[in-house]
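Visitor: Attaching a single structure in structure tokens format; questions to follow.
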Amino acid sequence: MQRMKQTALDIYAWFERRLQLEGPVKEAVLHQVPRQTASWWYVFGSAAFTLLFLQIFTGILLALVYVPSAGHAWQSLNVLNHQIPLGWFLRALHGWGSNFMVAIVLIHMAQVFLFGAYKFPRELTWILGVFLLLMTLGMAFTGQVLRFDQDAYWGLGIGASIMSRVPWIGSGLVHLLLGGPIIAGATLSRFFALHVFVIPGTLLLFVFLHVWMVLKLGVNDWPMPGRVVRRATYMEEYHHLAHTDGIPFVPGAFWKDLVFSGAILAAVAVCAMVFGPFGPGGQPDPSIIQTVPKPDFFFLWIYTILSYLPPQMETPFLLIVPLLAIAILLALPLVAAEGEKSWYRRPVAVLVVSTVAVCFGVLTHLGTTTPWSPHMSAWSGDPLPVNRIHDATPLARQGAVVFQAKQCRNCHSVGGSGGERGPALDAVATRLTIDQMRFKVVTGGGNMPAYGKNLSPSEIEALVRFLETLHPANEPPAYDASRRTVEASQAADSAGEASSLRANEGSTP
Amino acid sequence: MSNAAYPANRQEKTSGVNPATTSGDARIVSRRWLLFKAAIALNGAVGLVLAVPIFRYLLAPWRKDASYESWVSLGALDEFPVGETRLANYKNPSADPWDGQTDNVACYVRREGPGEFKVFAINCAHLGCPVRWFPQSQLFMCPCHGGVYYADGSRASGPPERGLFTYNWKIVSDNLQIDAGQMPTLSNTAKLVTISTRPGDSKCSG
């Protein structure tokens with residue numbers, strides 16, 4: 001026993017003599033950190049680090065089978081899903097790992113922002129972190145492209161359409177992005193190179209520098225209201241704190257990092273097991289147009305914004321806002337390097353984070369339901385509820401047929417089914433008079449196409465007679481007061497004529 | 001002099017003698033620096049020389065739009081009945097063998113008269129999603145953000161800034177040909193057109 005131990009020590013010494021890693025490792029592991037930073041709030045960075053290595057590892061395993069060729073990528077993914085034992089699980093791990101990684105990086109960023117950790121002397125750590133976020137998103141997007149299915153294909157189309165809006169050089173940029181004039185073999189090859197070599201290589205380098213600075217500058221101290229960061233005094237204060245009220249990084253703070261990383265890995269595995277891999281969806285054949293392209297989860301919010309912007313604002317928005325946002329993030333630590341760290345004294349920061357979070361949530365939710373998209377098969381797939389036409393006149397029934405056949409249903413729901421692009425028409429007759437409805441149908445306006453040229457007068461008449469029946473039983477349809485007066489006076493006139501006729505009759509002896 | 005050149009010689013260092021000066025006169029030191037700078041310059045020059053072909057290679061796809069386009073046939077004229085809009089497919093003219101299905105490109109052909117055509121790109125002018133044609137209501141609808149176009153390709157509603165993109169076409173021996181080869185986007189097809197506020201009379205025809 002004793003001898004074995006001695007041999008082990010000898011072997012260790014042999015290596016250590018050559019590697020000389022003991023010193024730096026001990027220094028990194030045992031450096032003092034302020035006691036309060038051993039907190040569950042500080043675990044997200046290391047979890048992102050762990051997930052990065054999960055992604056690299058599972059990515060290499062997938063690359064053993066995946067074929068980065070536009071002609072074969074889709075088939076190779078299906079082989080992974082269905083033929084290679086547990087290939088589906090590896091794909092699921094990589095896909096869920098990606099989602100978790102983006103989420104954790106975002107949470108990490110929010111935490112670091114709220115804790116004021118970007119302030120002096122950690123400005124550069126934050127700036128590298130912004131690039132790490134961008135690269136993580138870049139990995140998510142390029143990864144979605146490598147899952148070479150219809151969504152990937154049309155997602156690239158969206159990317160190219162956005163690129164093409166750059167003034168003057170737009171068309172050249174599109175060619176660079178796609179590797180040619182259209183989405184084809186060259187496109188997949190270059191996204192493969194980006195996803196597997198370029199971005200991960202840069203990412204690893206930046207992660208190394210990021211972590212290096214965390215070790216060298218020390219973990220951000222727990223923000224205390226009133227403890228103000230000043231360039232002149234901060235370093236001294238921090239070291240004082242770390243040494244009077246500090247603990248060694250390992251194990252004091254590190255065990256929580258380890259536990260959380262393990263839990264996150266387990267969560268990824270459970271999601272992968274339960275929900276399985278993402279796609280691939282339909283094959284990437286652009287002549288199959290029966291498709292509803294949609295980006296992956298973390299890009300849905302952009303998809304939503306693009307549907308609500310007024311057309312004229314879209315290009316300026318797309319070109320300016322992302323650059324502006326990145327510039328603000330990069331400039332933040334330089335502008336606000338000093339001052340309070342505590343969120344109790346930074347209401348604007350708290351407001352910004354909560355606003356961004358709420359916006360992200362709402363936009364993403366809208367992106368999952370896409371109320372702005374016409375339901376392409378509602379006109380043929382969602383029949384009108386029977387009670388809507390049960391008591392209708394023949395003309396109104398004719399109108400109901402027009403309503404279905406002319407794809408009104410794709411944008412308008414009745415009885416809860418149909419598109420949501422336009423308002424639900426269940427009670428439209430209580431809002432609009434028959435003339436207003438006729439006008440709307442003929443001239444359109446406000447995202448409603450004009451049907452004037454596509455419907456015959458008799459079709460329009462039948463249609464509005466049907467729309468007129470769309471009101472609750474206990475609510476009468478809207479009517480035009482002046483119209484009533486006209487009708488009433490007409491009725492009165494004809495009645496008057498009749499009575500005078502009768503009077504004449506009566507007067508005849 | 002010989003010993004002092006090694007920084008390991010603590011004795012010399014702590015005694016306050018600068019090793020640089022003891023290792024020789026300033027001329028030797030500056031010669032080393034000169035050589036060092038020359039070596040940097042050499043690498044810089046080689047780097048520059050290498051950068052030219054590398055950039056040329058990287059920018060290879062950056063070509064004039066016209067250089068990508070060529071005439072492709074969509075089929076015989078009688079495949080397209082007058083007054084109707086039909087989906088047609090063609091093979092991308094600059095296809096590579098490893099493109100797989102991606103070089104099948106679709107477009108809509110509308111025959112307005114015996115010798116009058118309009119050929120629309122499948123890509124919505126908003127973000128390039130594939131629009132679908134509904135002959136019953138004579139509308140194109142986009143599944144992505146709800147862009148809608150009339151039968152003549154003009155914008156009906158939704159986020160697109162203009163009507164559908166069109167291809168140039170010609171008739172060659174009873175065949176319909178179009179000038180195709182690149183994904184139509186706002187940068188390479190007819191420039192932006194102002195949107196008319198009245199629906200149905202958009203001036204853009206691509």
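The values are calculated or read from the model by the stated rules, or taken from the named source; none is laboratory data. Every value quoted in this text rests on a predicted model; they were computed, and no experiment measured them. When we count neighbours, we look across all protein chains shown, and the Cβ atoms used for this are built from the backbone with ideal geometry, even at glycine. Remember, those area values only see protein heavy atoms, side chains included, never the ligands or the DNA or RNA. Shrake-Rupley method; radii C 1.70, N 1.55, O 1.52, S 1.80 Å.
Visitor: With respect to residue A:182, is the statement that it is crowded, with 18+ Cβ neighbours inside 10 Å and either of a type in the set (Val, Ile, Thr) or not assigned by TED's automatic domain parsing to the domain that holds residue A:54 (or both) true?
Guide: Yes, satisfied.
Visitor: State all residues of the range B:64-89 that are open to solvent by less than 60 Å² (accessible area, probe 1.4 Å) and either at pLDDT 90 or above or over 24 Å from residue A:174 (Cβ atoms) (or both); if no residue qualifies, say none.
Guide: Result: B:72, B:73, B:74, B:75, B:76, B:77, B:80, B:81, B:83, B:85, B:88.
Visitor: Keeping to the range A:417-457, report how many residues are of a type in the set (Asp, Glu) and part of a loop (DSSP other than H, G, I, E, B).
Guide: Matching residues across the range A:417-457 total 2.
Visitor: Same structure again: Counting residues that are within 9 Å of chain B (Cβ to nearest Cβ), which helices (runs of 4 or more DSSP H) fully inside the range A:84-191 reach at least 3?
Guide: Per the criteria, A:150-163, A:170-178.
Visitor: Moving on. Would you please name the residue that is nearest to the other protein chains (Cβ to nearest Cβ), looking only at residues in the range A:383-411 that are under 14 Å from residue A:464 (Cβ atoms) and open to solvent by less than 40 Å² (accessible area, probe 1.4 Å)?
Guide: Result: A:406.
Visitor: Working only within the range A:353-364, note down all residues that are open to solvent by less than 70 Å² (accessible area, probe 1.4 Å) and either free of Cβ contacts under 8 Å to residues at least 12 places away in the same chain or under 30 Å from residue A:448 (Cα atoms) (or both).
Guide: A:354, A:359, A:360, A:361, A:363, A:364
Visitor: Of everything in the range A:365-380 that's of a type outside the set (Phe, Trp, Tyr) and without any contact (Cβ under 8 Å) to a residue 60 or more places away in the chain, which residue is nearest to residue A:397 (Cα to Cα)?
Guide: A:380
Visitor: Would you point out the residue of the range B:148-189, among those that are among the aliphatic types (A, V, I, L, M), part of a strand (DSSP E or B) and within 18 Å of residue B:105 (Cα to Cα), that is farthest from the chain's Cα centre (by Cα)?
Guide: B:176
Visitor: Let me ask you something else. Just the residues that are more than 11 Å from chain B (Cβ to nearest Cβ) and open to solvent by 40 Å² or more (accessible area, probe 1.4 Å), please, taken from the range A:458-472.
Guide: A:458, A:461, A:465, A:468, A:469, A:471, A:472
Visitor: Considering only residues that are in contact with a helix residue (DSSP H, G or I) (Cβ under 8 Å, 6 or more places away or on another chain) and over 30 Å from residue A:166 (Cβ atoms), which ones fall in the range B:171-190?
Guide: Those that are in contact with a helix residue (DSSP H, G or I) (Cβ under 8 Å, 6 or more places away or on another chain) and over 30 Å from residue A:166 (Cβ atoms): B:171, B:174, B:175, B:176.
Visitor: Name the pairs whose Cβ atoms lie under 8 Å apart, with the first residue in the range A:278-289 and more than 10 Å from every other protein chain (Cβ to nearest Cβ), the second surrounded by fewer than 20 Cβ atoms within 10 Å (Cβ to Cβ) and part of a loop (DSSP other than H, G, I, E, B), and 6 or more positions between them or separate chains?
Guide: As it stands, the answer is A:282/A:288, since those pairs meet every condition given.
Visitor: Please state which of the following conditions residue B:116 fails to meet, knowing it meets all the rest: (1) open to solvent by less than 30 Å² (accessible area, probe 1.4 Å); (2) without any contact (Cβ under 8 Å) to a residue 12 or more places away in the chain.
Guide: (1)
Results for (1) in the same structural domain as residue A:243 (by TED's automatic domain parsing); (2) more than 29 Å from residue A:331 (Cβ to Cβ); (3) open to solvent by 40 Å² or more (accessible area, probe 1.4 Å); (4) polar (S, T, N, Q), shown as yes or no for each residue.
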{"position": "A:25", "(1), (2), (3), (4)": "no, yes, yes, no"}
{"position": "A:40", "(1), (2), (3), (4)": "yes, yes, yes, no"}
{"position": "A:52", "(1), (2), (3), (4)": "yes, no, no, no"}
{"position": "A:84", "(1), (2), (3), (4)": "yes, yes, yes, no"}
{"position": "A:88", "(1), (2), (3), (4)": "yes, yes, yes, no"}
{"position": "A:100", "(1), (2), (3), (4)": "yes, yes, yes, no"}
{"position": "A:127", "(1), (2), (3), (4)": "yes, no, no, no"}
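Visitor: Tell me, which residue of the range A:423-457 that is in contact with a Pro (Cβ under 9 Å, 6 or more places away or on another chain), within 18 Å of residue B:150 (Cα to Cα) and of a type in the set (A, V, I, L, M, F, W, C) is most open to solvent (accessible area, probe 1.4 Å)?
Guide: My answer is A:448.
Visitor: Of all residues in the range B:66-82, which are polar (S, T, N, Q) and not in a strand (DSSP E or B)?
Guide: Result: B:67, single match.
Visitor: Determine if the range A:205-218 includes at least one residue that is over 30 Å from residue B:59 (Cα atoms) and assigned to a loop (DSSP other than H, G, I, E, B).
Guide: yes
Visitor: Could you say which residue among A:322, A:316, A:347, A:311 is free of Cβ contacts under 8 Å to residues at least 24 places away in the same chain and touching an Asp or Glu at 6+ places or on another chain (Cβ under 7 Å)?
Guide: A:311
Visitor: Just name the residue that is least open to solvent (accessible area, probe 1.4 Å) out of those in the range B:90-107 that are in contact (Cβ under 8 Å) with a residue 40 or more places away in the chain and either over 19 Å from the mean Cα position of the chain (by Cα) or more than 8 Å from chain A (Cβ to nearest Cβ) (or both).
Guide: The residue in question is B:107.
Visitor: For residue A:383, indicate whether it is in contact (Cβ under 8 Å) with a residue 40 or more places away in the chain and not in a helix (DSSP H, G or I).
Guide: Taking the combined requirement at face value, the residue does not satisfy it.
Visitor: Oh, and also: Considering B:200, B:158, which residue is modelled with pLDDT under 85, at positive phi and at the interface with chain A (Cβ under 9 Å from one of its Cβ atoms)?
Guide: B:200
Visitor: Follow-up. Does at least one position in the range B:131-152 carry a residue that is within 7 Å of chain A (Cβ to nearest Cβ) and among the charged types (D, E, K, R)?
Guide: yes
Visitor: Residue by residue through the range A:226-239, note down the ones that are part of a loop (DSSP other than H, G, I, E, B) and open to solvent by 60 Å² or more (accessible area, probe 1.4 Å).
Guide: A:227, A:230, A:231, A:232
Visitor: So, restricting to helices (runs of 4 or more DSSP H) that lie completely within the range A:240-343, which ones have at least 1 residues that are small (Gly, Ala, Ser), open to solvent by 30 Å² or more (accessible area, probe 1.4 Å) and farther than 30 Å from residue A:32 by Cα?
Guide: Helices (runs of 4 or more DSSP H) meeting the threshold: A:254-275, A:311-335.
Visitor: Continuing with this model, one more query. Can you confirm whether residue A:420 is touching a residue at least 40 places away in the same chain (Cβ under 8 Å), among the charged types (D, E, K, R), open to solvent by 50 Å² or more (accessible area, probe 1.4 Å) and within 16 Å of residue B:137 (Cα to Cα)?
Guide: no
Visitor: Whether any residue in the range A:453-474 is in contact with a Ser or Thr (Cβ under 6 Å, 6 or more places away or on another chain) and among the small types (Gly, Ala, Ser) is what I want to check.
Guide: No, the range A:453-474 contains no residue that is in contact with a Ser or Thr (Cβ under 6 Å, 6 or more places away or on another chain) and among the small types (Gly, Ala, Ser).
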